[in-house]
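The values are calculated or read from the model by the stated rules, or taken from the named source; none is laboratory data. No experiment lies behind these values; they were computed from the predicted model shown. All Cβ positions, even for glycine, are placed from backbone atoms using ideal geometry, and neighbour counts span all protein chains on display.
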Amino acid sequence: MNGTLAPEVLVIGASGRVGSGVGAALLEAGSPVLAVARDASRLQRLAAMHADEPGLETMVASVADDGAAQDLARRVARRPRPLRAVVDATAGTRRASRLLDQPTPVLSASFEQEVLSHLAAARHLLPLLQRRGGDRYLLAGGPHALCGWAGYGHASIAISATRMLARVLHEEAQPMGVRVQMLSIDAPVWTPDNTARACAGWHSALGIGRAMVSLLASSSPDARCIVTYAEQSGAHPPGMLGRDFASVLDAASSSPDAGWTA
């Protein structure tokens, strides 16, 4: 491990709603961020938004299947920075339709996009994280995992399966010394791009990102796998790029306004 470089956090799906908030919060906290997404143009826009942040690097890549996830792991393994943590903020495509109105292959496609991509990422990135000295692997849980999402039944079923996947990965990763957790987000997410149509009760992407930063900082030995996001998100995590990331996260974790509950 290169002791002269601060460890980075790999954010998959970094150009999406949750991923963009996670990346922004990590940069606030002083962590180098490797932002990964499939769409090069969206990554370019993300980089432009943080043009004054030397800690942000981008990479066009995917975890859609085993081959793509393996290629991503190989590319990350060649990077000089240690790997502090992985945040999987990817999400499947959301199309409004009644479950009863669609043929069964539509549900299979939802599972492939939602569940199998998370599994492919974990299969190849968990061992890499262990080798590179990291110990946190976080997933973002979408809304309505515990009840039906009206008009989006396929997504509800797939998100519920991803929740169980997180529980299984949590158990299987413990012997590796890596803590797998899911931040369960119970409502849609608003960003500056969709503010005009956002509804009361939606969560801010940055607030969710700050909760992820606090979750990364948690050192409790009995931390639960599923952590529920609380709307009253934490105070601004302290940021200083020159500091060691672990000390910055410890400071964020000790905030009395931490935005999540176990």
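Among the residues of the stretch 96-109, is any within 16 Å of the chain's Cα centre (by Cα) and of a type in the set (Val, Ile, Thr)?
No, the stretch 96-109 contains no residue that is within 16 Å of the chain's Cα centre (by Cα) and of a type in the set (Val, Ile, Thr).
Please determine, by comparing only the residues of the stretch 205-235 that are in contact with an Asp or Glu (Cβ under 9 Å, 6 or more places away or on another chain) and among the small types (Gly, Ala, Ser), which one is modelled with the highest pLDDT.
For the stretch 205-235, the residue satisfying everything is Gly209.
What tally of residues in the stretch 173-216 results from selecting those that are outside any helix (DSSP H, G or I) and of a type outside the set (D, E, K, R)?
22
Are any residues in the stretch 111-131 farther than 19 Å from Gly67 by Cα and either crowded, with 21+ Cβ neighbours inside 10 Å or modelled with pLDDT under 85 (or both), and if so, which ones?
Listed by number, the list is empty, since nothing qualifies.
From Ala29, Ala51, Ala40, grab the single residue that is hydrophobic (A, V, I, L, M, F, W, C) and within 18 Å of the chain's Cα centre (by Cα).
Only one candidate qualifies: Ala29.
Would you be able to tell me the number of residues in the stretch 141-172 that are part of a helix (DSSP H, G or I) and either modelled with pLDDT under 80 or among the acidic types (Asp, Glu) (or both)?
2
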